Amino acid sequence: MIFVTVGSRQYPFDRLFKKLDELYEDGVLTDSMYAQIGTSSYRPLHYQYEEFISPEKFAEQIARADIVVSHGASGSIMKALNAGKKVIVVTRLEKYGEHINDHQIQNNEAFSSNGYVLMADLELNDLGECFQKIYDGTDGLVPWENKDPMAIVNIIDDFIQENW
């Protein structure tokens with residue numbers, strides 16, 4: 001099962017949900033999917049969804065999922081990694097009105113550069129390839145071990161200092 005989460009902020013992420021429907025229509029995706037779509041106005045055609053879910057239901061969906069697709073919110077990503085899930089991160093972009101700025105780029109790149117997640121390109125053109133890498137076992141993901149509560153803060157900070 002695939003769980004998709006985009007948070008509860010007042011910014012839509014319609015292009016993600018449209019792209020996921022396209023992947024079903026193209027036969028790339030066949031697994032069941034449950035999506036938390038937030039304030040997006042697009043209504044998915046090929047998978048179940050709700051606008052908002054409780055923290056309890058969020059935890060339940062993470063537990064049930066094999067793959068988690070998350071926007072670039074470190075809390076959502078960390079919950080999936082801590083549960084041992086394969087994670088694909090997608091980036092909300094300011095130019096599409098999906099967020100107030102492009103800070104999710106740095107967040108997603110920090111997780112991706114360390115091999116903890118697969119990051120779809122900014123236009124979501126390779127999202128299907130990300131799923132395929134997980135399906136065929138060529139994702140190269142590094143298992144997350146959360147031994148230090150400040151580890152992720154340090155990873156993100158180090159990445160930003162080196163690259164920005």
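The values are calculated or read from the model by the stated rules, or taken from the named source; none is laboratory data. Since the model is a prediction, treat every value here as computed from it, not as a measurement. Positions of Cβ are generated from backbone atoms using ideal geometry, with glycine treated the same way; all protein chains shown enter the neighbour counts. Ligands, DNA and RNA are stripped out before the accessible areas are found, and what is left, the full protein with its side chains, is counted by its heavy atoms. Shrake-Rupley method; radii C 1.70, N 1.55, O 1.52, S 1.80 Å.
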| request: Taking H placed 1.01 Å from N in the peptide plane, check which residues at least 5 places from Tyr49 or on another chain put their amide H under 5 Å from its amide H. | output: Ala35
| field | Whole-number D in µm²/s for the stretch 6-147 (Stokes-Einstein; Kirkwood sum over Cα pairs; 4 °C, 1.567 mPa s) | value | 85
| query | Using alpha-carbon positions, what is the distance between the centroids of the stretch 109-139 and the stretch 31-91, in Å? | reply | 16
| task | Would you calculate a helix-derived [θ] at 222 nm for the chain, using -39,500 (n - 2.57) for each DSSP H run of n ≥ 4 and dividing by the full residue count, to the nearest 500? | result | -11500 deg cm²/dmol
| said: Under 5 Å between amide hydrogens, which residues at least 5 positions from Lys86 or on another chain qualify, with H placed 1.01 Å from N in the peptide plane? | reply: Val68
| note | Rounded to the nearest 0.05, FRET efficiency between Ala63 and Glu145 (Cβ-Cβ, R0 25 Å) equals 0.85
| Using all Cα-Cα distances in the stretch 1-63, what percent lands in each 10 angstrom bin from 0 up to the longest? | 23, 53, 23, 1
| What part of the accessible area of the stretch 40-95, given as a whole %, is carbon or sulfur when the probe is 1.4 angstrom? | 49
| query | Can you run phi through the Karplus equation (6.51, -1.76, 1.60; θ = phi - 60°) for the stretch 79-90 and list ³J(HN,Hα) in whole Hz, with x for Gly and Pro? | reply | 4, 5, 5, 5, 8, x, 8, 6, 10, 10, 9, 10
| query | Which order do peptides 134-143, 94-103 fall in by mean Cβ count within 10 Å, highest first? | reply | 94-103, 134-143
| said: Give me the one-decimal nm value for the distance between modelled label points at Gln48 and Lys95, 7 Å along each residue's Cα-to-Cβ direction. | reply: 3.7
